[in-house]
Every structure is written in structure tokens, then in C-alpha cells.
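*Asks:* First, the structure itself, so that you have it in front of you.
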Amino acid sequence: MRVLIVEDEPKVVGFLKKGLEEENWSVATAYNGIEALNILRDQEFDILILDIMMPKMDGLTLLKNIRQEGNRVPVLFLTAKDAISERVSGLRSGADDYLVKPFAFEELLARMQALVRRNKWEEPEKLQIADLIISIDNHTVTRKEQQISLSPLEFRILELLARNQGRAMSREAIEDYIWGRNESPDTNAVDVYINFLRKKIDKPFANPLIKTVRSIGYKIEGPADDF
């Protein structure tokens, strides 16, 4: 499952990111409303965790914008604003749930899972590129009906490429999505993991799916997309 955390407190972001990744969520982050709006126009998520008080664009305005653009992603407000009127305002603005800080991580996780289940019919459980099938729920990958074993990090990179099928993803975008902006992986970490994926996804088969896009990064697409 993919979640975007929109929160301007780095400690809260770090806590949430670590906990959710341990629960096998793919986590992206944004530190203000404008940044989040640009990400949401480019990528799809299963749920959005959103603070209200943020720089550049507050959470209520961000939510209003994405709903006007037709984005129906489930939204959970996570905020210190705890007045009943503020909760009602948040829910009436288009949010699906509202949790007040400080909070228990277990409750947050349970609420997220409930929202995703409620919205499940809108999100395909599997991604497919040619003969490659990626099962999002149980983190399994097959090609030509052969099971392919991936590490959690390899799976997250493959899922990111698959959700952006045919679109070139820069090394920087992949790095930021996987490791976050507050972490510094080795300079060639993305290339190393793409090489791992190619050995498992492409090398045993006739048609390579993972393509290098010169001066940009990588993309995944089926052979028919080349014509």
C-alpha cells in the first residue's frame, strides 16, 4: 500500500515513515501543501495523511484543491487542532477521518487500514506490465507464472516504476521516494538496486522491461509499448 505523509514536523515524519515501512507500507513525504499538490498530480496513493497547519498551503486548502481536481484518495487528518468545530470542518471539507495529536501509532494504523479497505474497490490489487504481474497486497511478483523473490526495497522500487509505467523516473525521484530527503544512501544506490531488479526481472526472460532513459533515469514498459 502507498501512503503520502504531508507534515512539516521532521520528527513526526520520521516516526511515521519508520513505523509504516516496518508494516510494509510504501511511504512518500511532503513538508508543505504546495509540494504535496505537485506530488499528487503526478502519482497515485492508497491514502493521504495530512496535517492542517502547514506552510505555503494549509491542509484544508490542499484537500479542497485535490477534491476539485477529482482526486478521491482517502484522507486522514492528523493534527493538533482538537476542537469539535475543527474536526467537523475537516470532515466536511472532504476528509475521511480525523485523528488528534498526540496519537497512538496502533490506532493510526488501524484507521488507515479501515479507510483503505473501504476504498479497496477503486484500487486494483495487481499491477501488470506485459507478462510481469505484481501483487500489491501480498508483495509477490511473477513473470511467465514463475515466482520472483524480491527484497522489500526491491519490491518498492519495482512498484514505483510499475505505477508510473512508461514514464521516465529520475534517479533523484526514486531516491527521494525510497529513502526520503533526510537520509543519504550511497550515490549509486538506485543504479545498484535497478541492477538487482534486472537480474531477477529481465535477465531470465527474452524481453527486458526495465529501460534506461539517458540523462534521466529509468522506466518500465512492455515490448508492445515500444511501437
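*Asks:* Would you work out which of Asn71, Ala28, Ile47 lies farthest towards the positive end of the dipole of the chain, given +1 charges on the beta-carbon of Lys and Arg and -1 on that of Asp and Glu, about the Cα centre?
*Replies:* After comparing all options, I get Asn71.
*Asks:* Relative to the longest principal axis of the C-alpha atoms of the chain, give the angle of the C-alpha long axis of helix 189-201, reported between 0 and 90° and rounded to the nearest 10°.
*Replies:* 60
*Asks:* Could you give the nm distance between label points at Lys11 and Phe105, where each point is 7 Å from its Cα heading toward the beta carbon?
*Replies:* Taking the simple label geometry, Lys11 and Phe105 are separated by 1.5 nm.
*Asks:* Related question: What ³J(HN,Hα) values, in whole Hz, does the Karplus curve 6.51 cos²θ - 1.76 cosθ + 1.60 give for segment 33-42 when θ = phi - 60°, with x put for Gly and Pro?
*Replies:* After applying 6.51 cos²θ - 1.76 cosθ + 1.60, I find x, 5, 4, 5, 4, 5, 5, 5, 6, 10 Hz.
*Asks:* How high is the FRET efficiency from Ala206 to Thr140, r the C-beta distance, R0 22 Å, rounded to 0.05? Kindly include the intermediate steps, with their values, before the conclusion.
*Replies:* On the way: r = 22 Å, r/R0 = 1.00.
Using R0 = 22 Å, I get an efficiency of 0.50.
*Asks:* Okay, moving on. For the chain, what does -39500 (n - 2.57) per DSSP helix run (n ≥ 4), summed and divided by total residues, give at 222 nm, in deg cm²/dmol to the nearest 500? Provide the component values of the computation, followed by the final result.
*Replies:* Values: 8 runs with 90 residues, N = 227.
Taking each H run of at least 4 residues, the total per residue is -12000 deg cm²/dmol.
*Asks:* May I ask you to derive the relative contact order of the chain, considering only C-alpha pairs under 8 Å and at least 6 residues apart, and to give it as an integer percent? Intermediate values should be presented prior to the final figure.
*Replies:* Details: 322 pairs, mean separation 33.6, N = 227.
With pairs under 8 Å counted, the relative contact order is 15 percent.
*Asks:* If you don't mind, there's one more thing I want to ask. Per q in 0.13, 0.17 Å⁻¹, report the Debye log10 I(q)/I(0) for the chain, using one uniform scatterer on each alpha carbon and no solvent.
*Replies:* -0.79, -1.25
*Asks:* Something else now. Which Cα, out of Val13, Thr61, Leu91, lies furthest along the positive dipole direction of segment 10-112 (beta carbon charges, K/R +1, D/E -1)?
*Replies:* The Cα lying farthest towards the positive end belongs to Thr61.
*Asks:* If you don't mind, there's one more thing I want to ask. Got a sec to turn the phi values of segment 104-116 into Karplus ³J(HN,Hα) couplings, 6.51 cos²θ - 1.76 cosθ + 1.60 with θ = phi - 60°, whole Hz, x for Gly and Pro?
*Replies:* With the stated coefficients, segment 104-116 comes to 8, 4, 4, 5, 4, 4, 5, 5, 4, 4, 5, 5, 5 Hz.
*Asks:* Let me know the charge dipole size of the chain about its Cα centre in debye, to the nearest 20, where only the beta-carbon of Lys, Arg (+1) and Asp, Glu (-1) is charged.
*Replies:* Values: 32 positive and 37 negative charges, 69 e Å.
Once rounded to the nearest 20, the dipole reads 340 debye.
*Asks:* To the nearest 0.05, how large is the calculated FRET efficiency for Ile34 and Val213 if R₀ is 22 Å and r is the Cβ-Cβ distance? It would help to have the intermediate numbers written out before the result.
*Replies:* Numbers: r = 27 Å, r/R0 = 1.22.
With a Förster radius of 22 Å, E is 0.25.
*Asks:* Please go through the residue pairs Lys18/Lys219; Lys56/Lys126; Lys17/Lys203 and name each one whose alpha carbons sit more than 30 Å apart in this structure.
*Replies:* Details: Lys18/Lys219 27 Å; Lys56/Lys126 36 Å; Lys17/Lys203 33 Å.
Checking Cα-Cα distances, Lys56/Lys126; Lys17/Lys203 exceed 30 Å.
*Asks:* Roughly how many percent of the accessible protein surface of the chain is carbon and sulfur, given a 1.4 Å probe and a whole-percent answer? Can you show the working numbers first?
*Replies:* Working: 5670 of 11570 Å².
Carbon with sulfur: 49 percent of the solvent-accessible area.
*Asks:* Something else now. With the other protein chains left in place, how much accessible area per residue, in square angstrom, belongs to the chain at a 1.4 angstrom probe? If you can, show how the numbers build up before the last one.
*Replies:* Details: 11570 Å² over 227 residues.
So the chain comes to 51 Å² accessible per residue, rounded to a whole number.
The values are calculated or read from the model by the stated rules, or taken from the named source; none is laboratory data. Since we're looking at a predicted model, the values are computed, not measured. Here Cβ is always computed from backbone atoms with ideal geometry, including for glycine, and neighbour counts include all displayed protein chains. Only protein heavy atoms, including side chains, enter the accessible area calculation; ligands, DNA and RNA are left aside. Shrake-Rupley method; radii C 1.70, N 1.55, O 1.52, S 1.80 Å.
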